[in-house]
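J.: Below: one structure in structure tokens.
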Amino acid sequence: MKIYLATDHTGLELKNTIKNFLEKEGYDVEDCGAYEYDRDDDYPDFIGKAAEGVSKDQTSLGIIMGGSGQGEQMVANKYKGVRCALFYTPAAPAQAVDISGKTSTDAFEIVKLTRQHNHANMLSLGVRFLTQEDAIQAVKIFLNTAASQEERHARRVNKIKHIENNA
């Protein structure tokens, strides 16, 4: 499986760390930049290359990063077939409660759920809101979680694709 990586200057160090980790794990990695620190670079230039790669090869995945990860996610989601989710850790532990009363304090659960339920094929990391260890943990979960084949999840993803095709 090919993994596309991209960032601007803000995530350069983390991108290189993740790249080294992925290569040691045996993944085929395509580094779409940034390759050197340039305070004035523009994240869409790099993120677009990674998103285009995932768009053209739906068996691949992408990991992108930037200061907040927000703009990067927005760019990636402009590409056909890309479903990019955003991840960062909260400043303080929070307890989430869903409608059934189920609670969770696992910040990484969202990475697992977005792969399972939404078939996310790209992950955007908010560098300013993650430790290096948390970023690696999120990447591990993202890569090791399969998309759910349950009918309800497939049906919803197909509706996303339908919207995309008619936009």
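The values are calculated or read from the model by the stated rules, or taken from the named source; none is laboratory data. Here the structure is a predicted model, which is why all the values come from computation and not from measurement. Positions of Cβ are generated from backbone atoms using ideal geometry, with glycine treated the same way; all protein chains shown enter the neighbour counts.
Yes or no, residue by residue, for (1) closer than 22 Å to residue 51 by Cα; (2) modelled with pLDDT of 90 or more; (3) surrounded by 15 or more Cβ atoms within 10 Å (Cβ to Cβ); (4) charged (D, E, K, R):
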| residue | (1), (2), (3), (4) |
| --- | --- |
| 106 | no, no, no, yes |
| 115 | yes, yes, yes, yes |
| 118 | yes, no, yes, no |
| 122 | yes, yes, yes, no |
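J.: If you go through segment 126-167, how many residues are touching a residue at least 12 places away in the same chain (Cβ under 8 Å) and closer than 14 Å to residue 107 by Cα?
T.: Qualifying residue count, segment 126-167: 12.
J.: Right, another one. Among 78, 56, 24, 49, which is under 30 Å from residue 163 (Cα atoms) and without any contact (Cβ under 8 Å) to a residue 12 or more places away in the chain?
T.: Values: 78 fails: without any contact (Cβ under 8 Å) to a residue 12 or more places away in the chain; 24 fails: under 30 Å from residue 163 (Cα atoms); 49 fails: without any contact (Cβ under 8 Å) to a residue 12 or more places away in the chain.
Within the list 78, 56, 24, 49, the selection yields 56.
J.: Which helices (runs of 4 or more DSSP H) sit wholly inside segment 103-167 and have at least 3 residues that are in contact with a strand residue (DSSP E or B) (Cβ under 6 Å, 6 or more places away or on another chain)?
T.: Values: elements: 109-118, 132-144, 151-166.
Here the list reads 132-144.
J.: Scan segment 151-162 and give yes if some residue there is surrounded by fewer than 17 Cβ atoms within 10 Å (Cβ to Cβ), modelled with pLDDT under 95 and of a type in the set (S, T, N, Q), otherwise no.
T.: Yes, there is a match, as at least one residue in segment 151-162 is surrounded by fewer than 17 Cβ atoms within 10 Å (Cβ to Cβ), modelled with pLDDT under 95 and of a type in the set (S, T, N, Q).
J.: Only one of (1) under 17 Å from the mean Cα position of the chain (by Cα); (2) outside any strand (DSSP E or B); (3) touching a residue at least 12 places away in the same chain (Cβ under 8 Å) is not met by residue 29, so which one is it?
T.: Failed condition: (2).
J.: Follow-up. If the requirement is being within 29 Å of residue 19 (Cβ to Cβ) and either among the charged types (D, E, K, R) or touching a Cys at 6+ places or on another chain (Cβ under 8 Å) (or both), which of these qualifies: 156, 128, 152? Explain how you work it out, then say what you get.
T.: Numbers: 156 fails: within 29 Å of residue 19 (Cβ to Cβ); 152 fails: within 29 Å of residue 19 (Cβ to Cβ).
Testing whether each residue is within 29 Å of residue 19 (Cβ to Cβ) and either among the charged types (D, E, K, R) or touching a Cys at 6+ places or on another chain (Cβ under 8 Å) (or both) leaves just 128.
J.: Let me ask something else about it. Out of the residues in segment 1-27 meeting the condition of being of a type in the set (Phe, Trp, Tyr) and surrounded by fewer than 18 Cβ atoms within 10 Å (Cβ to Cβ), tell me which one is farthest from residue 138 (Cα to Cα). So that I can check it myself, show each step before the final result.
T.: Just the residues of segment 1-27 that are of a type in the set (Phe, Trp, Tyr), to begin with: 4, 21, 27.
Adding the requirement that they be surrounded by fewer than 18 Cβ atoms within 10 Å (Cβ to Cβ) leaves 21, 27.
Working: 21: 13, 27: 16 Å.
Per the criteria, the residue is 27.
J.: Let me ask something else about it. Within segment 28-60, count every residue that is hydroxyl-bearing (Ser, Thr, Tyr) and crowded, with 16+ Cβ neighbours inside 10 Å. It would help to see each step written out before you state the result.
T.: Of the residues in segment 28-60, the ones hydroxyl-bearing (Ser, Thr, Tyr) are 35, 37, 43, 55, 59-60.
After this cut, where a residue has to be crowded, with 16+ Cβ neighbours inside 10 Å as well, the list is 43, 55, 60.
Looking only at that region, the number is 3.
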